[in-house]
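K.L.:
This is the structure, below, for whatever I ask next.
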Amino acid sequence: MSASTEGNARAAGYTPHPYVGGRTAALRALAAWRMRWPGAPRVIVLTGNPGSGRSRLLTGFLMMCDPEYRKQLPMDDLDPATVPPDLPAPAVPSAAGRTAAQVLWLLADHFELAAGRTEDVFAELAARDEPVTIVVPDVDQAGPVRAAEEATRVVREVLTPLAATETVQLLADVPRELATELAGALPASQVQVIDLDAPEWADPKGLVLHAETALDAGSGAPELPYTTDPAARRALAEALAARAAGSRLIVQLAVQSLLMQPEGFDPADASQLPTSVGEALDLHARRLGADPQTLRLMLAPLAFAEGDGLPVQLLGTLANAVAGRDMSQDLADGMLLAAPFIQPVEPSSEDDEDGTGEDAEAGAGGGAGDGRTLLRLMHPALAEEIRSGLPDVRDTQTRIAMALLEEVPQQDWAQADPYIRDHLAAHTLEAGLLPQLLTDPGLFAHADPVTLRAAIEAVPLEQLGAPARTYLRTAPLLTRSQASATLRAAFLESAFVEDGLAPYAEALHTRGFRLPWRTLWSVPLAGVRAVTTGSVAAAGEDGTAVSRSVAALLVPEGTPGSRTLPDAADGAVAPQDGTGAVEEDAGAVNGDGAAAAGGRTALLLHDLRAPEYVDADPSQVVQPSEEDRAAAPLGFSRGADYLRVWARADRRMVAALVSDSPVTDADLSPDGVLVVATERGVTARQILVAAPPAAPSVPAQRTGTTDADASHGLEGDHS
């Protein structure tokens, strides 16, 4: 299978693939891989220069692998050696914009694996009786943050283990700098590298056909001498292909340029045909009588854009920042100048996260799906060309970051443009300024947690301040629960208290959020087996006895500050069932059970509302009566790693808590203080009844104990 087969296929009268328009040699190799032809490799690594047509080839091949799409193709007219067998479609977890964890858990979902940890995914795939076929496209576009180099993690943490799994038949589209690493991890007999720029895989005739089709007036091109006359069209297509050095992208840019503005173009002048992406930009500008540098400055904000693209409203602001001067007139006059290189994007409403519901009431702006038009460059290679022509990329990112920061009204992230909220961290990361940005808890709550976490993880841990480290440990919970901005703020408020950062927790109560609770205190106390609320007589400041509300914590004997009780007394301080509705038996431990399981127990008394222990006789703790609990306005129910607090009067949920570690026990005082014990420690929260939040995405019924390791995979967010 080599380039010589291209001519043989055409000589046999086969129709080129209607989308690919060539690449017979590569399509034959992919078809042999799909049908597991004897001698075909188990793993194929597809690579090539940016713009070589890898994505187009893979898309065309997957069209033939999809049973439904095959019905729309002229299958009988194609070279039979390029047609894969009619089998169920392979799994295709695209890496574009996703983290390595997200790609892996997409696979786990697709194959309905029961894996709770990363290594379990590969083990379950290895244990399958039948091989599985997986195609991973767009690895070069992996990750929600450009500077985080997520493509390397995808190759090392996902593709390499998949390739080593004998039951996996893998095809991956990988950038050249990582292709050798991936292929080198396997025996030569199991892997094949298809480099579309290598002579054996080149397709010069297919490139001519690609150019000829793009120039054809019958395909939508304007009527010009070189689009209506077949001979002239063929001659120009051959000249374009000869100058493009095998690059589909260079041909595409050249054709778009001359068709959009044909004046001043001489098809007989080869010097007007580009040999690189940079020349395509510069030749287009000169032909329109513009300065090439002006065109590059106009496009520069898009070369640095993150996510799906840059909102058109921010283009002028960032162009001014990059150029260091007013670019408004250049942009107003430059539509034809920039048009061949720009692609508008209309985001789907599914991407909207903070623009509806309760967060809209709190003043949050619309999300990516709010109907605004985004702009992006036609191809990532354009971005690399423009960035490489700038004198100092880091300085440019600094100016972009500062310009974006100035666009936040009164530094209120609820009013900030969604692009700024979600992607400012990515810009400051490449500028080397991210640690300085990570001091505002409002940004932590409003920013997309997948994107923000990816940016923060790219910074060495020792460079991060305490608030950023708190965010980093909380981020898996934020993404696993797919929480709204308000709930993210609530979870972070508790996390800040847990980490001794009370001012940051308090700041979240001043940022316009209607939080469902106020975290009163938290103690990192391991081994708490049960909790209950009540009151006890204790000495006041003047020595007189006063009644204090307390949380009684059942702990192992010997815990500092605790008092051991006689065995018979354990049951007297066991937590009461004040829930009114228990969704499941989450393994709650009563006093008797704790004593039986772990020997003698002790009680540790903590003030219910203040961060201090209470020195009092634990045998004198008075718990609320059943009547008191029944009359309380709130009840709660819980599962293995979540709780719901609801109003008894109308069963309205007023708070939903998801924990990043299994819940050991919980109790709710009649006046609404929720005390929760987990494997990490104990935290008390005053429920704020007037602030009902939206529920996070937690299972309605979840059995068994939570798998703490699962959160690092579910952080992939599935959204």
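The values are calculated or read from the model by the stated rules, or taken from the named source; none is laboratory data. Only a predicted model underlies this, so the values are computations on that prediction, with no experimental measurement involved. Backbone-built Cβ (ideal geometry, glycine too); neighbour counts: all protein chains shown. Heads up: the accessible areas ignore ligands, DNA and RNA and are worked out on the full protein's heavy atoms, side chains in. Shrake-Rupley method; radii C 1.70, N 1.55, O 1.52, S 1.80 Å.
K.L.:
Mind checking whether some residue in region 246-260 is surrounded by 18 or more Cβ atoms within 10 Å (Cβ to Cβ), outside any helix (DSSP H, G or I) and hydrophobic (A, V, I, L, M, F, W, C)?
P.N.:
no
K.L.:
Restricting attention to region 180-199, and to residues there that are open to solvent by less than 40 Å² (accessible area, probe 1.4 Å) and in a loop (DSSP other than H, G, I, E, B), which single residue is nearest to E166 (Cα to Cα)?
P.N.:
L186
K.L.:
Which residue pairs have Cβ atoms under 7 Å apart, sit 6 or more places apart or on different chains, and have a first residue in region 200-220 that is under 13 Å from S247 (Cα atoms) and open to solvent by 40 Å² or more (accessible area, probe 1.4 Å) and a second that is in a helix (DSSP H, G or I) and of a type in the set (D, E, K, R)?
P.N.:
Note: pairs meeting the criteria are K205/E6; H210/R248.
K.L.:
Also, I was wondering about something else. Give me the pairs: first residue in region 226-245 and closer than 18 Å to S52 by Cα, second residue open to solvent by 60 Å² or more (accessible area, probe 1.4 Å), beta-carbon distance under 7 Å, and six or more apart or on different chains, which are they?
P.N.:
What qualifies is A241/P204.
Residue-by-condition table, conditions (1) small (G, A, S); (2) in contact with a strand residue (DSSP E or B) (Cβ under 6 Å, 6 or more places away or on another chain); (3) surrounded by fewer than 21 Cβ atoms within 10 Å (Cβ to Cβ); (4) part of a loop (DSSP other than H, G, I, E, B):
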| site | (1), (2), (3), (4) |
| --- | --- |
| M64 | no, no, no, no |
| R70 | no, no, yes, no |
| D86 | no, no, yes, yes |
| S94 | yes, no, yes, yes |
| A108 | yes, no, no, no |
| E112 | no, no, yes, yes |
| T152 | no, no, yes, no |
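K.L.:
Further question: How many residues are of a type in the set (F, W, Y), over 12 Å from L657 (Cα atoms) and open to solvent by less than 20 Å² (accessible area, probe 1.4 Å) if we restrict to region 482-512?
P.N.:
Quick first cut of region 482-512, residues of a type in the set (F, W, Y) only: 491, 496, 504.
Keeping just the survivors that are over 12 Å from L657 (Cα atoms) gives 496, 504.
If we keep only those that are open to solvent by less than 20 Å² (accessible area, probe 1.4 Å) too, we end up with 496.
Result for region 482-512: 1.
K.L.:
Give me the residue from region 632-661 that is surrounded by 21 or more Cβ atoms within 10 Å (Cβ to Cβ) and small (G, A, S) and, out of that set, farthest from S522 (Cα to Cα).
P.N.:
Out of the qualifying residues, it is G639.
K.L.:
In region 369-425, which residue that is among the basic types (K, R) and touching a strand residue (DSSP E or B) at 6+ places or on another chain (Cβ under 7 Å) is modelled with the highest pLDDT?
P.N.:
So in region 369-425, the residues among the basic types (K, R) come out as 372, 376, 387, 394, 399, 421.
Add one more test, that the residue is touching a strand residue (DSSP E or B) at 6+ places or on another chain (Cβ under 7 Å), and what stays is 372, 376.
Details: R372: 81, R376: 96.
Checking each candidate, the answer is R376.
K.L.:
Go through (1) open to solvent by less than 40 Å² (accessible area, probe 1.4 Å); (2) under 29 Å from G60 (Cβ atoms); (3) in a loop (DSSP other than H, G, I, E, B) one by one and return the number of the condition L104 breaks.
P.N.:
(3)
K.L.:
Taking Y471 and the conditions (1) aromatic (F, W, Y); (2) touching a strand residue (DSSP E or B) at 6+ places or on another chain (Cβ under 7 Å); (3) without any contact (Cβ under 8 Å) to a residue 40 or more places away in the chain, which numbered condition does it fall short on, given that it satisfies the others?
P.N.:
Exception for Y471: condition (2).
K.L.:
Which one is nearest to A163 (Cα to Cα), of the residues in region 12-49 that are open to solvent by less than 20 Å² (accessible area, probe 1.4 Å) and of a type in the set (D, E, K, R)?
P.N.:
Ranking the qualifying residues of region 12-49, first place goes to R34.
K.L.:
When you look at T294, is it in contact with an Asp or Glu (Cβ under 8 Å, 6 or more places away or on another chain), among the β-branched types (V, I, T) and at negative phi, yes or no? Can you show your working first?
P.N.:
On the way: in contact with an Asp or Glu (Cβ under 8 Å, 6 or more places away or on another chain): yes; among the β-branched types (V, I, T): yes; at negative phi: yes.
Against the criterion (in contact with an Asp or Glu (Cβ under 8 Å, 6 or more places away or on another chain), among the β-branched types (V, I, T) and at negative phi), T294 qualifies.
K.L.:
Residues in region 118-128: is at least one open to solvent by 20 Å² or more (accessible area, probe 1.4 Å), within 18 Å of the chain's Cα centre (by Cα) and touching a residue at least 24 places away in the same chain (Cβ under 8 Å)?
P.N.:
If we filter region 118-128 for residues that are open to solvent by 20 Å² or more (accessible area, probe 1.4 Å), which is where we start, we get 118-120, 122-124, 126-128.
Keeping just the survivors that are within 18 Å of the chain's Cα centre (by Cα) gives 118.
So of that shortlist, the ones also touching a residue at least 24 places away in the same chain (Cβ under 8 Å) come out as 118.
Yes, there is a match, as at least one residue in region 118-128 is open to solvent by 20 Å² or more (accessible area, probe 1.4 Å), within 18 Å of the chain's Cα centre (by Cα) and touching a residue at least 24 places away in the same chain (Cβ under 8 Å).
K.L.:
Sticking with this one: Testing P267 on (1) in contact with an Asp or Glu (Cβ under 6 Å, 6 or more places away or on another chain); (2) in a loop (DSSP other than H, G, I, E, B), one condition comes back false. Which one is that?
P.N.:
Single failed check for P267: (1).
K.L.:
Let me ask another. Across region 275-305, what is the number of residues that are in a loop (DSSP other than H, G, I, E, B) and surrounded by 22 or more Cβ atoms within 10 Å (Cβ to Cβ)? Before you say what the answer is, go through the steps one by one.
P.N.:
Narrowing region 275-305 to residues in a loop (DSSP other than H, G, I, E, B): 275-276, 288-291, 304-305.
Next cut, surrounded by 22 or more Cβ atoms within 10 Å (Cβ to Cβ) only: 304-305.
Qualifying residue count for the region: 2.
K.L.:
Looking only at region 230-245, count every residue that is charged (D, E, K, R), over 40 Å from the mean Cα position of the chain (by Cα) and open to solvent by 70 Å² or more (accessible area, probe 1.4 Å) and tell me the total.
P.N.:
Just the residues of region 230-245 that are charged (D, E, K, R), to begin with: 233-234, 238, 243.
Then drop every residue that is not over 40 Å from the mean Cα position of the chain (by Cα), which leaves 233-234, 238.
Of the ones still in play, those that are also open to solvent by 70 Å² or more (accessible area, probe 1.4 Å) are 234, 238.
Total satisfying the criteria: 2.
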